[in-house]
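Student: Pasting a structure here, questions to come.
The values are calculated or read from the model by the stated rules, or taken from the named source; none is laboratory data. The structure displayed is predicted, hence computed values, not measured ones. Virtual Cβ from ideal backbone geometry, glycine too; neighbours counted across all protein chains shown. With ligands, DNA and RNA removed, areas are computed over all heavy atoms of the protein, side chains included. Shrake-Rupley method; radii C 1.70, N 1.55, O 1.52, S 1.80 Å.
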Amino acid sequence: MTELITKLKQSPNIKPNERYDVLKTGERLQGNIFYFPMSVELAERANPGIKMSDLPDGYGMIGGSARNYLEALTNPEMDIPLPRDIDLVYCGELDEFDTDVADELAQELAPRDFENGHGVQLLENVEEYMSDRDFTINQVLVTSDGVYATNQAIKDMKDYCIRPTPYEAEYGLSDKLALKAIRLLAEYRTDGVQASVEVEDLEENYDDIRPFWHALMLDKTLELGDDVASEYLRLLGKYNMRPFPNAEGYDDPMVVYKALLEWTDFVPSDAVQEKLDGQNNRERTLRRMGLTGVKISRG
């Protein structure tokens, strides 16, 4: 039986076509879409945060949880962290779609997105779905029977390349997607992966982004941890995209985040609100003790 994953030799002399040998393990469907069968090993390695068997028939995963499967396929040596949330799609028979079931699932697995009006997405045509994704590494769909991805998604995930799809690149990325590209880059870099961003003129075209989008994307990085948020801010500086570019001392993600909240009507996620509350409580305690501005030593 053909192995689901072909581990590549880590050699500087590896041929370009050998680098993407994983494509040989899949079945080419129509156009540039490939299918890779599901296995227990693949599901465990992907660390998606939920078992496909826990979902009703006809449901699948997209977004970050689906990218985990794509990464497990293309880079089997990597330890893959849990996704930030679960994005669901329904690709079964339309006359069997139950909106109540869909809403319950979305509310349970992606409450933040559900509150913002993003529930279960209906998918009727896989080719159309793949073509209008934002980045090529998001051209992936996972169902109980396997992984569906474009050949470009496979190649770019193998190389950890964050590249806009032709659909998005034609007219240039929106401010929100430009920030998302940097967020994804920060996530990979924090995990020790030398990822790259392939967005034309990224350093030149995104120096005047609305504070709301900055707050949204910084919130998502803070959910993943202060280390991701710090790397994200560093990369924003590198690409001339940082909020408050003329301010000094804005290296602390929470300081920047609080400043952005003053300028927007953005509502923090529950996880980040807990961080804010904890920090505010600590600051109040220090003020009561007369320790404001005092450097505290661990010694």
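Student: Each label point is 7 Å from the Cα along the Cα-to-Cβ direction; what then is the distance between the points at Glu274 and Lys51, in nm?
Tutor: Those two pseudo-labels are separated by 2.5 nm.
Student: To continue, here is another question. What size of dipole, in debye to the nearest 20, comes out for the chain about its Cα centre when the only charges are +1 on Lys and Arg C-beta atoms and -1 on Asp and Glu C-beta atoms?
Tutor: In total the dipole reaches around 1680 debye.
Student: Fully extended, how many nm does the chain gain between Ser174 and Arg210 (0.36 nm per residue separation, minus their Cα-Cα distance)?
Tutor: Once the chain is fully extended between Ser174 and Arg210, it gains 11.8 nm.
Student: On to the next question. Order 120-130, 207-217 from most to least packed using the mean count of other Cβ atoms within 10 Å.
Tutor: My ranking of the peptides, most packed first, is 207-217, 120-130.
Student: Averaged per residue, what accessible area in Å² does the stretch 43-153 show with a 1.4 Å probe, protein chains only?
Tutor: Per residue, the stretch 43-153 has an accessible area of 46 Å².
Student: With an 8 Å cut-off on Cα pairs and a minimum separation of 6 or more residues, tell me the relative contact order of the stretch 24-181 in percent.
Tutor: Rounded, it is 26 percent for the stretch 24-181.
Student: How much of the pair distance distribution for the stretch 77-161 lies past 20 Å, counting alpha-carbon pairs only, in percent?
Tutor: 44 percent
Student: A further question follows. Let's test the formula: R0 of 25 Å, r as the Cβ-Cβ distance of Asn240 and Val193. What FRET efficiency results, to the nearest 0.05?
Tutor: 0.60
Student: Could you give the spread of the C-alpha atoms of the stretch 197-249 along their three principal axes, from largest to smallest, in whole angstroms?
Tutor: Per principal axis, max minus min of the Cα coordinates gives 29, 27, 20 Å.
Student: Among Leu224, Leu179, Leu233, which one moves the most in a GNM of the chain with springs linking Cα atoms closer than 10 Å?
Tutor: Leu224
Student: Now a separate question. Please compare each pair in Lys220/Lys275; Lys180/Lys238; Lys155/Lys220; Lys158/Lys180; Lys176/Lys220 to a cut-off of 23 Å on the Cα-Cα distance and tell me which ones are over it.
Tutor: Pairs exceeding the cut-off: Lys155/Lys220.
Student: Then there is this: Inverting the mean 1/r over all pairs of different Cα atoms, compute the Kirkwood radius of the chain and quote it in Å.
Tutor: 21.0 Å
Student: Got a number for carbon plus sulfur as a percent of the stretch 59-201's accessible area, 1.4 Å probe?
Tutor: Ligands and nucleic acids excluded, carbon and sulfur give 40 percent.
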